[in-house]
Every structure is written in C-alpha cells, then in structure tokens.
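S.K.: Input: one structure, supplied below.
The values are calculated or read from the model by the stated rules, or taken from the named source; none is laboratory data. A quick note: this is a predicted structure, and the numbers were derived from the prediction, not measured. Ideal geometry is used to build each Cβ from the backbone, glycine not excepted, and the neighbour counts take in all protein chains shown.
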C-alpha cells in the first residue's frame, strides 16, 4: 500500500517537428555552404544576425512568454509535491517502507520537475492487538500529515481506522474472555487460587 501525492499534472504540450522540406530547397537566411557561396557579404551578415535571434547572451535559447509560464507552474508543482511527500515521511516513523519516489516531467527549459510522488507505507497487522493498534494510529498520522491529503491518502487513513477498530475489538474480546474465566473458576481447595491464578495471562 502506498501513500500517493495528488495526480500528476501535465503541463505544456508535446513538441511536433516541422514537416520535412523538399530536397534541394532552402529557407530564407539559410547558411549552408551553397547559399553562403552565392550571397553577398551584406546578406551573410544579416543571416548571421538572424541566426543569433532567440538566444540569450550566454548562448542558451530564450523562452517564450507561454513557456515561461509553464516553467513557473512546474516549479510550483515541484515544490508542492516534495513538501507533500516530506510531510508523509516526517510522520511515518516506524511504518515507512521506503523514501519518497517521484515522477518527473521535463520543462521547456530542459530541466526535470517532480509532478507526482508516493511513499510506501506498511499497513500489515502487528503481532498482537496492541501492536496493531499502535501501528494503525501511526499509519493514520502519516496518511493525513500533509496540509491537503490526496484521495489516496484518505483511503489509506480509512484503512488504518478499520485496522484500529479491529484491534480494539480483539482487545475487548480478550478482556471479556479473561473475565469469564475468572467468574467461572471454582477452586478445589484453599490453596488452588494462589497456585493456579499465576498461570492466567489474558494479554498473551
């Protein structure tokens, strides 16, 4: 069972390459050897200036306004996802199976941003009802630790609550069984209660 972050969002759209050009044709401003050989020095300078457009001073491609917005969204999403999973980890001491795992999306700037994630949590019962109850409470705390638990987080918390109710029912049944034994016990002589009473362990 895993505690998962909110569903990964998909920012931006897939890049579609332009249709292939006809063989032997060149775009205006092309700087292949054939075009440069037939151009004047002034045309060569203009073509060189045009090829430098769209690049920043350090030589990297500049982003359009829409791409800048996408990068800002991805950065915000990355911070949100990491904070969400770290909140799970901080509250999952003793029940976490692994550290956070993330799914990534590459932005227009070429960087990878976390857009989803999860933390694996152990929700198996304990060895005793008491152990199970403590474990269920820890799982519930871990699941609901983020400021905005996801639907999967809520589902894990509900499973932990059910686990806790089952453990408490088992505890109550064990106590009732112990009380019944005490009420129905009939000693054979005055020394029997002291000797036989030591062997009763209702917590086992």
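S.K.: Can you spot a residue in region 149-157 that is assigned to a loop (DSSP other than H, G, I, E, B) and either modelled with pLDDT of 60 or more or farther than 30 Å from residue 86 by Cα (or both)? Steps first, please.
M.R.: Here is the first cut: in region 149-157, the residues assigned to a loop (DSSP other than H, G, I, E, B) are 149-150.
Narrowing further to those that are either modelled with pLDDT of 60 or more or farther than 30 Å from residue 86 by Cα (or both): 149-150.
Yes, some residue in region 149-157 is assigned to a loop (DSSP other than H, G, I, E, B) and either modelled with pLDDT of 60 or more or farther than 30 Å from residue 86 by Cα (or both).
S.K.: Would a scan of region 119-135 turn up a residue that is within 13 Å of the chain's Cα centre (by Cα), under 30 Å from residue 174 (Cβ atoms) and modelled with pLDDT under 95?
M.R.: Checked against the condition, which is being within 13 Å of the chain's Cα centre (by Cα), under 30 Å from residue 174 (Cβ atoms) and modelled with pLDDT under 95, region 119-135 yields at least one hit.
S.K.: Let me ask something additional. Show me the helices (runs of 4 or more DSSP H) found entirely inside region 27-118 where at least 2 residues are at pLDDT 90 or above and surrounded by 11 or more Cβ atoms within 10 Å (Cβ to Cβ).
M.R.: Values: elements: 33-37, 41-52, 65-91.
Here the list reads 65-91.
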